[in-house]
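I have placed the structure first, in the form of structure tokens, so that the comments after it can refer back to it.
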């Protein structure tokens with residue numbers, strides 16, 4: 001087990017060091033993040049006619065901070081490794097070489113992806129903090145100590161999201177292009193969990209969303225940072241672990257099925 | 001002269017036609033890309049339904065006007081990526097020296113580069129725009145104006161991207177910058193201009209041309225104004241001319257990548 005972990009840690013470290021060379025390129029992505037947050041600050045400033053208003057239990061500051069945090073996770077954890085690279089490996093036949101290497105292909109991709117966001121996400125977190133504090137002021141009621149519980153939730157949320165996206169990419173074993181399915185998954189996460197907290201939706205839908213990855217990927221971590229409670233934290237962590245186990249099982253299942261299909265077709 | 005222009009247009013039409021035919025080789029993938037892109041865009045209707053539950057108007061726009069804004073943004077972006085998709089990857093081509101094969105073609109270099117690729121999913125964007133206007137705010141005169149502004153919008157988006165992409169002739173790391181600037185334009189294009197004030201409005205109308213590509217046309221379709229109409233047409237011509245000039249100025253600085261590749265990459 002420790003030998004196996006060591007193998008993936010080496011992959012993780014090498015990608016991490018490689019990505020340190022591209023910090024300037026990562027920083028160029030700040031432009032899009034800044035503009036997206038700027039648009040949402042303007043939008044919520046317009047909708048909250050009175051700064052003291054509450055919408056779905058959120059003050060204006062909390063609502064803007066919520067969007068900034070979810071967008072931070074969205075931008076900080078995006079990478080083509082779990083989407084385009086997997087699809088092109090499968091479509092181009094490169095998978096035939098990679099599956100013979102002394103690692104499991106899907107875990108190799110996850111280790112590589114983790115190495116990428118380990119640089120990106122903290123950079124975006126720093127930018128989000130600076131932007132938030134200067135443009136909307138500090139988050140009301142925020143205690144830095146709660147980050148000790150919120151940060152693991154963010155990390156688990158990013159990993160759960162990666163596992164599900166990887167499952168979708170693995171569909172390339174059967175269909176030529178899995179990108180359209182990624183768009184739909186991304187839009188569900190974006191519209192129903194990133195742009196608004198789920199409390200803003202009607203009650204019946206809120207219950208439904210709690211059963212989907214939306215709850216674990218973006219809503220949960222952002223909610224904990226904006227409005228921390230120990231019970232909520234325990235609930236979100238438990239849901240994330242359940243989703244991670246289910247996602248990993250699904251990922252190994254799809255990969256196993258896909259690889260057999262590859263064998264039948266002769267690669 | 002007229003024959004040369006006619007020939008060039010024919011070449012461009014054939015180029016786009018064969019790009020689409022190549023994409024259609026796998027019909028299931030082709031159709032999935034188009035349909036899912038329409039669904040993908042449709043997901044944002046939920047966002048606006050939620051926002052309009054909170055407030056009756058946003059930035060002076062009703063839900064129908066927001067749909068008009070979304071429709072025009074989608075169809076302009078779509079048309080631009082159907083006809084001139086290669087413009088959006090121009091910086092990589094310049095940096096990697098991949099323009100060589102176009103320089104030896106006996107036709108216009110810029111048009112040959114621009115029409116050498118088509119994005120299948122953009123067909124979904126293009127159709128989505130027209131579907132939205134037919135469902136939410138259909139009127140014959142509005143549909144005609146919408147079609148015209150889809151063309152001007154596509155030309156403005158393409159020209160802006162060409163301008164930003166041409167920066168790579170002078171600056172080594174401009175490719176990321178130009179990509180993000182094009183994304184910035186799309187980000188602003190799907191939100192009402194009424195929520196932006198002061199300096200931002202100046203930026204949206206004069207620096208990032210989203211004001212004249214999308215906002216002005218939406219205002220014209222809501223209540224027609226001759227002055228605004230000709231401003232949009234004139235601006236489209238000016239920006240297109242500026243983008244072409246900058247591209248050819250930059251092309252003088254281009255150095256070959258010594259790549260032996262065909263024009264269809």
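Results, tabulated for the structure shown:
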{"item": "Helix-only CD estimate at 222 nm, as mean residue ellipticity for chain A, using -39500 (n - 2.57) per DSSP H run (n ≥ 4)", "result": "-23000 deg cm²/dmol"}
{"item": "Shielding by partners - mean other protein chain Cβ count within 10 Å, residues of B:165-178", "result": "1"}
{"item": "Spatial separation of Cα centroids for the stretch A:50-69 and the stretch B:201-249, in angstrom", "result": "35 Å"}
{"item": "Nearest-ten-degree value, helix A:230-265 long axis tilted from longest Cα axis of chain A", "result": "30 degrees"}
{"item": "GNM result for chain A, Cα springs below 10 Å: residue of A:130, A:15, A:73 fluctuating most strongly", "result": "A:130"}
{"item": "Kirkwood hydrodynamic radius over Cα pairs of the protein assembly as shown, then Stokes diffusion coefficient at 25 °C and 0.890 mPa s, in µm²/s", "result": "98 µm²/s"}
{"item": "Spin-label zone in the stretch A:1-31 - amide nitrogen under 13 Å from a point set 7 Å from the Cα of residue B:176 along the C-beta vector", "result": "A:19-31"}
{"item": "Footprinting exposure proxy for A:118, B:62 (fewest neighbouring C-beta atoms within 10 Å first)", "result": "B:62, A:118"}
{"item": "Listed residues B:190, B:32, B:158, most fluctuating in chain B (Gaussian network, C-alpha, under 10 Å)", "result": "B:32"}
{"item": "Whole-Å distance, taken between Cα centres, linking the stretch A:176-219 and the stretch B:72-130", "result": "32 Å"}
{"item": "Fewest-first ranking of A:109, B:50, A:82, using other Cβ atoms within 10 Å as the exposure measure", "result": "B:50, A:109, A:82"}
{"item": "Shielding of A:32-42 by partner chains, average beta-carbon count, 10 Å", "result": "4"}
{"item": "FRET efficiency for residue B:103 and residue A:17, using Cβ-Cβ distance with R0 set to 30 Å, rounded to 0.05", "result": "0.15"}
{"item": "Label-point separation, residue B:202 to residue B:252 (7 Å along Cα→Cβ), nm", "result": "3.3 nm"}
{"item": "Virtual spin-label span in nm between residue A:208 and residue B:231, 7 Å along Cα→Cβ", "result": "4.3 nm"}
{"item": "Range of Cα positions in chain B per principal axis (Å), largest first", "result": "59, 45, 38"}
{"item": "Chain A: most fluctuating residue of A:113, A:22, A:243 per GNM, C-alpha cutoff 10 Å", "result": "A:22"}
{"item": "Distance (nanometres) between label positions extended 7 Å along Cα→Cβ at residue B:13 and residue A:235", "result": "6.2 nm"}
{"item": "Along each principal axis, Cα extent of the stretch A:1-160, largest first, Å", "result": "62, 33, 30"}
{"item": "For B:117-124, mean number of other protein chain Cβ atoms within 10 Å", "result": "1"}
{"item": "Distance from the stretch B:152-179 to the stretch A:139-157 (C-alpha centre basis), Å", "result": "39 Å"}
{"item": "FRET efficiency estimate (nearest 0.05) - Cβ-Cβ, residue B:64 to residue B:134, R0 22 angstrom", "result": "0.95"}
{"item": "Sequence of B:223, A:138, A:88 once ranked by neighbouring C-beta atoms within 10 Å, starting from the fewest", "result": "B:223, A:138, A:88"}
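Every read-out reported here was derived from the displayed coordinates using simple, explicitly stated rules and does not represent laboratory data. The structure displayed is predicted, hence computed values, not measured ones. Every residue, glycine among them, receives a Cβ derived from its backbone with ideal geometry; neighbour counts consider all protein chains shown.
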